[in-house]
Every structure is written in structure tokens, then in C-alpha cells.
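Below: one structure, written as C-alpha cells.
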Amino acid sequence: MSRPNILYIMSDDHASHAIGCYGSRINQTPNIDRIGNGGMRFDNCFCTNSICAPSRASIISGTYSHINGVETLNDNFDGRQTTYSKLLQASGYQTAIVGKWHLGHGGNSDPTGFDYWNVLPGQGFYHNPEFIEMGVRKIRPGYVTDLITDDCLQWLEQRDTERPFCLMCHHKAPHRRWEPDDKHLRMYDDIDIPEPDTLFDDYANRGAAAAAATLRVERDLDNMDMKEPPPPGLSGRELTSWKYQRYIKDYLRVIASIDDNVGRLLDYLDVEGLAENTIVVYTSDQGFFLGDHGWYDKRFMYEESLRMPFVVRYPGHVAEGSVNDDIVLNVDFAPTFLDCAGVKTPDFMQGRSFAPLLEGNTPGNWRDAMYYRYFMHNAHGVYAHYGIRTDRYKLIYYYMDDPGPREWELFDLREDPAELSSVYGDPAYADVAADLKQRLRDLRAYYGDETDPWGD
Ligand code: CA
């Protein structure tokens with residue numbers, strides 16, 4: 001049997017609760033839903049360090065941040081490392097990446113393991129963006145999401161049809177600051193987008209970190225985000241609601257352009273007869289707060305930020321309309337793609353192939369807990385932390401004592417899915433906390449990440 005093509009589409013900061021097939025209350029995404037409804041939707045896909053560059057490094061290398069060296073936004077990826085694209089390329093795949101790279105440029109940080117690369121410098125621009133095509137910089141007229149898709153289609157068109165391909169289509173959207181294209185500029189003008197239940201969170205009953213974070217829609221989104229100053233006299237909840245509408249509408253408008261462009265790629269596969277033998281993935285480098293807890297942005301181990309959308313279509317192998325709730329991680333993507341391509345996963349990779357899950361067979365020893373660590377202390381006021389999440393509980397430790405205190409949070413996700421009240425210190429949860437601490441210690445040892453341990 002011929003090896004499958006892989007079309008990996010990843011956006012930047014697209015939370016699953018803004019995707020139709022995940023039950024979004026705020027928008028529709030008919031083309032992303034073609035992937036999800038035509039294949040499998042993962043409901044518990046989690047990021048191991050919820051911020052752009054570190055997640056990208058983990059995805060391509062199959063390792064946690066402390067192994068691949070990209071712990072924060074200030075770290076560049078050393079492209080001499082082995083990545084899944086290098087291994088696919090060596091096994092005969094044609095490989096390409098188009099769009100956002102965000103792992104550094106020049107030296108050892110240009111993309112490696114790709115026959116063709118054409119990426120945005122740094123964050124890139126929405127309108128008339130500059131690209132670096134195989135080392136050559138070029139400013140191009142147009143809208144970034146369209147241009148990335150144009151280039152993906154062009155690369156597919158010129159490929160060798162006798163060999164399989166792996167194409168990584170990496171959108172800049174919907175990263176802040178949100179700039180819609182002309183086509184979607186007036187979308188949602190006449191309606192109000194529903195507000196999340198926790199938009200007016202007061203950060204009570206948790207550690208110090210939540211209240212300290214400077215991610216608030218009401219206070220921390222500025223006039224450049226809003227495109228204009230708020231009406232005079234607005235304050236408090238009224239101001240929060242006004243800013244939320246401005247923010248979320250632009251966020252959803254740039255997503256509408258992504259969805260249109262996902263449709264263009266899927267149509268191409270259909271027309272060219274490639275849909276049957278192509279694994280198509282849509283995901284995002286992490287989740288995002290869509291006004292949840294009164295926030296925008298990510299970083300925290302809380303659900304909206306931790307959870308990544310992940311839908312995958314592979315006709316004949318993945319059942320249409322299937323849903324999986326096992327815990328899968330961004331470090332699993334590399335081993336999974338290698339597995340699907342029949343390439344052995346190297347021992348240093350820390351993720352595990354979830355190819356059996358795609359076929360509906362979860363191994364009995366599949367993980368029942370995941371390890372998370374956010375290193376970028378006090379950026380946007382978010383304190384560095386690590387923790388463990390099981391199917392029911394989440395234990396978080398904020399490990400730096402300046403400016404915030406070192407402290408724990410424990411959430412019972414069954415009783416408190418919105419994570420509004422930490423039960424750490426509650427005697428009723430003493431055994432749960434002790435058990436989770438031991439499991440967290442074990443996971444840190446397993447992954448070889450034992451810096452900044454807590455004292456007892
Ligand atoms: Ca991101």
C-alpha cells in the first residue's frame with residue numbers, strides 16, 4: 001500500500017471553543033468541520049507548554065521544552081536536532097513548510113528537513129507580509145492567510161506525484177493583533193456574540209497568579225487592539241462587554257478567512273483525487289482564552305489555554321464522525337506522523353504515537369495523566385508553573401517566589417469544570433492532593449525535568 005500524504009494545517013492561538021464541530025457557541029467553521037466530521041475529533045489534546053514557539057518546537061521534535069531548548073519565546077530552535085520532517089524527508093517524503101515558523105532565523109534556526117520552506121519572519125504581518133523563501137526575503141501584496149494557502153497549492157501543483165508528501169501549512173492567524181481581510185471586515189457587525197460564563201471572574205478562591213495576570217480584556221487590551229478608543233463614560237462591566245465584542249469579532253473574522261482557505265486546500269485534494277490517501281490535520285499551537293476568566297491570551301494550565309483543537313481525516317482508517325477523549329499531547333504528533341508513514345520513532349522522542357487511537361484502538365496502557373510546564377515567568381504577569389492533569393483533577397504549582405508566592409492549586413474538574421475554586425488545602429481532598437503530588441514527581445522524573453522542585 002502506498003504511504004499516506006500528510007497535510008498538516010496549524011493556526012496560531014485558535015481555541016477549540018471557536019470551532020463548529022467542537023460545539024462553538026460563537027461561530028461556525030464549515031470547512032474545518034469537513035475534517036472533523038469526516039474523521040476524528042480529539043477532545044483532550046493538550047499542549048505541554050502553552051505558548052507559540054515552545055509548542056512549535058515540541059511538535060516538530062516530539063520532545064518537551066527542556067529537551068528541545070525552546071522553553072520561552074526568547075529561545076530559538078536549534079535545527080541540527082532531529083525532527084519528524086527530517087525523518088520523513090530521509091524516508092522519501094517530499095517535505096515543505098509554508099507560513100509561520102517562529103523558531104528563529106539564520107544561524108542554526110532556519111527551517112531544516114524541508115525540500116521547500118517559505119516562512120514569515122517572526123510573527124509576520126496580516127497585510128502585505130514579508131516572507132523568507134529558502135533564505136530570500138520578499139514583501140508580497142495580499143492577505144497573509146490567502147498567500148500562505150496560495151503557496152501551499154502552488155507547491156502541491158509542482159510536486160513529484162510519484163512520491164508521498166508532507167506539507168505543513170502554518171497560519172499566522174488568529175494571533176493578536178487581529179486584522180481581518182476586506183472580505184470579512186463587516187462580518188458580525190449586526191449581532192452580539194454571546195459572552196462566556198466567566199467573563200466577569202473576580203479571581204477569588206484561587207492562588208495569587210490568576211489575579212496578577214495582565215491578560216484582562218477590560219484592562220489590558222489597548223486601543224490598537226480595539227482600533228478606536230472606547231466610548232466615553234464606559235467603565236466596569238459595560239467596558240468589559242464592549243471590549244469583548246470588539247475583540248472577539250475581530251478574532252472570529254480572521255478565523256473565517258482561515259476556514260475559507262482550509263476549504264480551498266480540501267477542494268484541491270478532492271479535485272486531484274488525493275483525499276483518499278491524505279491524512280489531513282487541523283490544529284493550533286495552543287488554546288486561547290476567549291474572554292474566559294475575563295482574559296485573552298494563553299500561558300496558563302487552565303483548560304481553555306491548555307486544550308488544543310485536533311481534528312484528523314484519513315478515509316478508510318479513521319471512522320467518520322468519531323470522537324476520542326483520551327489524553328494526547330503536542331509531543332505525540334511527531335511519533336504519530338512517523339508511525340503513519342511507516343518510519344520508526346527515535347528513542348529520544350518523548351511523545352507516543354496515537355495512530356492506534358485513530359483506528360479506534362486505545363492501548364490498555366495509554367497515559368491517564370499529562371505533565372505541563374510554563375517557563376516564561378511573569379511575562380504578561382503570568383507566573384511560571386508546572387502541574388499534572390488527569391481525567392478528573394488538575395494540580396498546579398507556581399514555583400517562583402518573586403513576585404508571587406510559591407503555591408499550589410487543585411481543581412476537581414468534574415465538580416468545577418470552569419476552575420473557579422481551588423480545593424487545595426481542603427481536608428476532603430488531602431488524599432487526592434498527596435496522590436497527585438507523587439504522580440507529578442514521577443512524571444517529572446520520567447521526562448527528566450527535575451529543576452525547580454518543590455520542598456516538602
Ligand atoms: Ca500561539
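The values are calculated or read from the model by the stated rules, or taken from the named source; none is laboratory data. Quick caveat, the model's predicted, so the values are computed rather than measured. Note that each Cβ is placed from the backbone with ideal geometry, even for glycine, and that neighbours are counted across all protein chains shown. Ligands, DNA and RNA are excluded from the accessible area calculation, which covers all protein heavy atoms including side chains. Shrake-Rupley method; radii C 1.70, N 1.55, O 1.52, S 1.80 Å.
Comparison of 224, 187 shows that the only residue that is open to solvent by 30 Å² or more (accessible area, probe 1.4 Å) and either within 30 Å of residue 8 (Cα to Cα) or in contact with a Cys (Cβ under 8 Å, 6 or more places away or on another chain) (or both) is 187.
How about the stretch 340-376: which of its residues are of a type in the set (Val, Ile, Thr) and either under 28 Å from residue 396 (Cβ atoms) or surrounded by fewer than 18 Cβ atoms within 10 Å (Cβ to Cβ) (or both)? Passing the criteria: only 362. A single entry from 59, 6 fulfils the requirement of being away from the ligand (no atom under 16 Å from the Cβ) and either closer than 25 Å to residue 350 by Cα or in a loop (DSSP other than H, G, I, E, B) (or both): 6.
Counting only residues that are among the polar types (S, T, N, Q) and touching a residue at least 24 places away in the same chain (Cβ under 8 Å), which one in the stretch 196-234 is nearest to residue 290 (Cα to Cα)? Result: 198. Do we have any residue at all in the stretch 437-454 that's within 15 Å of residue 299 (Cβ to Cβ) and open to solvent by less than 30 Å² (accessible area, probe 1.4 Å)? No, the stretch 437-454 contains no residue that is within 15 Å of residue 299 (Cβ to Cβ) and open to solvent by less than 30 Å² (accessible area, probe 1.4 Å).
Looking across the stretch 1-21, just one residue is aliphatic (A, V, I, L, M) and open to solvent by 10 Å² or more (accessible area, probe 1.4 Å), and that is 1. State yes or no: is residue 404 in contact with a helix residue (DSSP H, G or I) (Cβ under 9 Å, 6 or more places away or on another chain) and at positive phi? It is false that residue 404 is in contact with a helix residue (DSSP H, G or I) (Cβ under 9 Å, 6 or more places away or on another chain) and at positive phi. Before we move on, is residue 214 modelled with pLDDT of 95 or more and surrounded by fewer than 16 Cβ atoms within 10 Å (Cβ to Cβ)? Yes. Among the residues of the stretch 385-404, are any outside the structural domain of residue 94 (by TED's automatic domain parsing), more than 25 Å from residue 309 (Cβ to Cβ) and within 23 Å of the chain's Cα centre (by Cα)? Looking for residues that are outside the structural domain of residue 94 (by TED's automatic domain parsing), more than 25 Å from residue 309 (Cβ to Cβ) and within 23 Å of the chain's Cα centre (by Cα), one finds at least one in the stretch 385-404, hence yes. Put simply, of 330, 324 the only residue that is closer than 20 Å to residue 368 by Cα, within 15 Å of the ligand (Cβ to nearest atom) and of a type outside the set (Ser, Thr, Tyr) is 330. Among the residues of the stretch 9-54, those identified as more than 23 Å from residue 249 (Cβ to Cβ) and more than 15 Å from the ligand (Cβ to nearest atom) are 34, 35, 36, 37, 38, 39, 40, 41, 42, 43, 44. Among the residues of the stretch 267-295, those that are under 29 Å from residue 62 (Cβ atoms), within 16 Å of the ligand (Cβ to nearest atom) and in contact with a strand residue (DSSP E or B) (Cβ under 7 Å, 6 or more places away or on another chain) comprise 282, 283, 284, 285, 287, 289.
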